[in-house]
Structures are given as C-alpha cells and as structure tokens.
C-alpha cells in the first residue's frame, strides 16, 4: 500500500508541474505553515496538543504605492480526546485572514471555525484518515473615494477633475457566510518515511460577493459569486540517515477559471546531540509555481516547539517589468506545545 501511495504522489508531482498560476483566493508560498487555511482536516493535527501560528506576506510594492498588497493570517488549534497515540481523536481550530489589495483598499477579512476528526486505521497509530468541516464569516469593503473613472478625465489636456462624475458601487461593505470541507490521509512507514495526501473543497455555497445589490441594472448586478475552490496537496518526508530528511511536496488549486500549481522540495537537518530527542532543526528548500510564474526560495529554523520561516518569491512572469524584478517576501511563525506532562503525540504528517 505504501509503494502505491508513493507512486501516486510522484505522478501528481509530475502532473501539477504543468500550468499557469492564476489563483483567485489569497495564498501563501509557505502554505504548509498556515494549516487551517490549507485544509480544515488539519485542525488538531500537530506534534503535541496545541498549535498557534501567524503568517505575513507583502507583494507588488512597485505596482501600488504604500505597499498596499498585504496578507496576514493567524490561527490556533488543539487536539481533543487524544489520550494515547493509538486512539482516534478530534481537533478544533480558530483562524483569521486579512487581505488588502490595491489603491482602493479592497479589504477582505475572514474568520474560520474548523472541526476535524482523525480516525486511526491501525493499532500502531501510524496510519490515519482525517476529515474536517469549516464555517467562515467574511467582511469585504472598498473605498470608492480613491477611485478615478473615465468620466473624470479631460481628453483635451489629460487632467483629472476630482469633482467629476463618479460611478456608484451601491454599497461599500459586504457580509456573507461560507463553508468548506476537507480530507487527509497520512501514514508512517517502518523506515520512518512520512506520507500524506489531502483534499479540500472551499466555498461550497458559492456566496455572493458583489458590491452592487441584487436588482440593479435589470437584475444582472449582484450576481457575482465566489467560485468554489478545489485544493489538492501532498508530500513525503523521507529520512536519509538519522539526521537528514528530503521532503518533496506539491499543491494544486483550481477555482473557476483560475488555477495555481506549486511543486517543490525541502531539505531538513536535525541539530543537537541526539537525533532521537532533537527539537532543533534547520530546513531550506525551493518551489516552482506555475509554468512561468515564480521561483520560491525558503528557509526555516525550529527550536523547542518554536518555528520561524522566511521565503521570497522571485518573479518570472510577464509582470516582471511592472514589478521591477522585486519579489514577494513572506514570514511564518509557529509554536506547537504540550498541555500534558507526558504527552503522547502519536503519528503526525511532517509538512515542514
């Protein structure tokens, strides 16, 4: 079964390496460091009892003045009922995402509540199937006062009349609810190789997101909906000796007419006197997003439950002249802790 899973993951790695990056939702290059945004089935699945994390990303500083393209995420989740490493258990998580895009301050804020249950598939606690549900609340807003329309331009001299006729958005704030689900299979082989393959479905209800109320323009406006999104992700953590691990991974996002494919590999080295008890590690790696979009380089340090990662997107797309070769930096912070004196974490898929 393990060999078939490896072949399946390798086949997906080859498949997802072909494509163009056009994802509609916000995304992080270190997607594995924002687990509740990636897949609700990951709620409560950490190396111990609880986990807190934060992510920050900035991009296109040369396109819009003032670094207006920013994305921030944070979350916390915990395991419920994980008495031993052999029993099934539940997970509960709360997360937050805030994204600001462009000069009009298009702001999207969302709060997610995730619940997951992790079924142990064998008595050794080395194979499990996780399922998760997620409910979300969104708040979107825009500042039309900063917009400039064609009717404000003087075609004779090219000047802009700030008091000229402007279009009406109908409303500047939109509130809506959202729902998603996910599944994840993970296994640990006899040689301590770690495998995982996940699937998530977001925006199942495809909520309306238009700033124009329904009924305007003959009933055509207000019909804009948030496309349903399919996420497929997976990877392997394969030990090379006692202290070194090779970790290939991939992510495929499909959302309406938009899609994004990432494929990459991390290399992890354990530090300290003993590899069996070491909680200190250094990880570095690279990803390739799309056919010609970006090369992502990253590095990460883990120390006694704390983790800090830094990545940088090197732009390779047709937007290179507009970006002036300036990429997108991203930071991730995470802490995984134990509430019990003698924790029994059991098997947990190694994603970073």
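The values are calculated or read from the model by the stated rules, or taken from the named source; none is laboratory data. Quick caveat, the model's predicted, so the values are computed rather than measured. Positions of Cβ are generated from backbone atoms using ideal geometry, with glycine treated the same way; all protein chains shown enter the neighbour counts.
Which condition breaks for residue 265 when tested against (1) surrounded by fewer than 18 Cβ atoms within 10 Å (Cβ to Cβ); (2) at pLDDT below 95?
(2)
Please find, within region 118-134, the residue that is nearest to residue 340 (Cα to Cα) out of those that are touching a helix residue (DSSP H, G or I) at 6+ places or on another chain (Cβ under 9 Å) and crowded, with 19+ Cβ neighbours inside 10 Å.
118
Residue check: is residue 137 under 20 Å from residue 95 (Cβ atoms) and either at pLDDT 75 or above or in contact with a helix residue (DSSP H, G or I) (Cβ under 8 Å, 6 or more places away or on another chain) (or both)?
Yes.
Just checking, which of 164, 170, 222 is modelled with pLDDT under 65, in a loop (DSSP other than H, G, I, E, B) and out of contact with any helix residue (DSSP H, G or I) (no Cβ under 9 Å at 6 or more places or on another chain)?
From the options 164, 170, 222, the qualifying one is 222.
Of all residues being touching a helix residue (DSSP H, G or I) at 6+ places or on another chain (Cβ under 8 Å) and crowded, with 20+ Cβ neighbours inside 10 Å in region 186-213, which is nearest to residue 127 (Cα to Cα)? Just the residue, please.
By that ranking, first place goes to 187.
For region 301-317, enumerate the residues that are touching a residue at least 24 places away in the same chain (Cβ under 8 Å) and closer than 16 Å to residue 272 by Cβ.
Here is the first cut: in region 301-317, the ones touching a residue at least 24 places away in the same chain (Cβ under 8 Å) are 303-309, 311, 313, 316-317.
Within region 301-317, 303, 304, 305, 306, 307 qualify.
Which of the following residues is surrounded by fewer than 18 Cβ atoms within 10 Å (Cβ to Cβ) and either at pLDDT 90 or above or under 26 Å from residue 227 (Cα atoms) (or both): 92, 36, 42?
92
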